[in-house]
C-alpha cells in the first residue's frame, strides 16, 4: 500500500535521551478512520513515540509522515492536521467548561456560536456542567472536555496518550464511546494504553510492545519475537510466522458481553 494512503506513517523511528535508547526502530502505519493502539507497559516507549510524532522530540533517525507532511520538513503543516490529548490535563481550574471551550476555539480559529457550543456540550454529555468550573469536574469529565478540545478543529489524526488511566469503569466506558464516535466522524486515532482490555474494546489494530521501546510492525507484518494484534481479526506474529487466531472484538459484540465482563487475557500470547 502506498504511504500516501495512510494518515500516519512511521518508519524506523529511534529516540534517545542522552545515551538511553528509548524507542527502538519503530515502524507502523495508521489508516484514515481507524483506531490504532500502541499497547505496552510503562517504559515501552509509547509516550516517547507520540512525542516524536507530535514534533516535541527530535528522533535520532527515522521518519514521521502525517497526511503527506514530513514532521521535520513541514512541522506546521503536519501539526495543523493533528489533535493531541496528553496523559494529564492542565486547563485553568478557575474557568468554566464553556469558557475553556470558547478560549480554545479562539486559539484554533474556530467559530463557536451558542448553537455549536451546546452541540459540543451535548456530545460530551456535559450540558448541565457548562457553567461549572473545570477544577470542580471529576476526572472523567475533565478527560471528556480535553477530548472535545483536541478534536475541535476537526483534525485528521487524534493522538491520545493513555486517556483512561485512573478513571473508574463508567468514565472509562464513556471515553471509549467518545473514541468510537470520533472514528465514525472520520478521525483516525492513535491510542497508547497498557490495558489489553482497552485495546480489545476500542482498537481496530494494535501493536504490542515490551519495555525498552520495541513494538511490532503491526501495519505490514510481524517482527520476530513480538506479537502483532489486529483486533477484530486477530493475528499473532512470532518466530514461526503470522497466523490467524480469532475475532476478539467482534466476538465480544456478538456475545453481548462488555469488555468489563469478558475478562482479561483473552488474546493469545507467544510462548
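Nothing in this text is a laboratory measurement; each read-out follows from the coordinates by a stated rule. If you're wondering where the values come from, they're calculated on a predicted model, not measured in any experiment. Cβ coordinates were reconstructed from backbone atoms using ideal geometry, including for glycine residues, and neighbour counts include every protein chain displayed.
Just need the relative contact order of the stretch 89-154 here, percent rounded to a whole number, with Cα pairs under 8 Å and 6+ apart.
50 percent
How do 73, 198, 34 rank when sorted from fewest to most other Cβ atoms within 10 Å of their own Cβ? Before the final figure, lay out each step's value.
Working: 73 10, 198 24, 34 16.
By the 10 Å Cβ count, ascending: 73, 34, 198.
At 0.36 nm per residue, and after removing the present C-alpha to C-alpha distance, how many nm does the segment from residue 181 to residue 25 gain when stretched out fully?
Taking residue 181 through residue 25 to full extension adds about 52.9 nm, to one decimal.
With a cut-off of 8 Å between alpha carbons and a minimum separation of six or more residues, what is the relative contact order of the stretch 3-151 in percent?
That works out to 20 percent.
When a footprinting reagent is the concern and you count Cβ atoms within 10 Å, what order do 128, 204 take, fewest first?
Going from least to most buried by this count: 128, 204.
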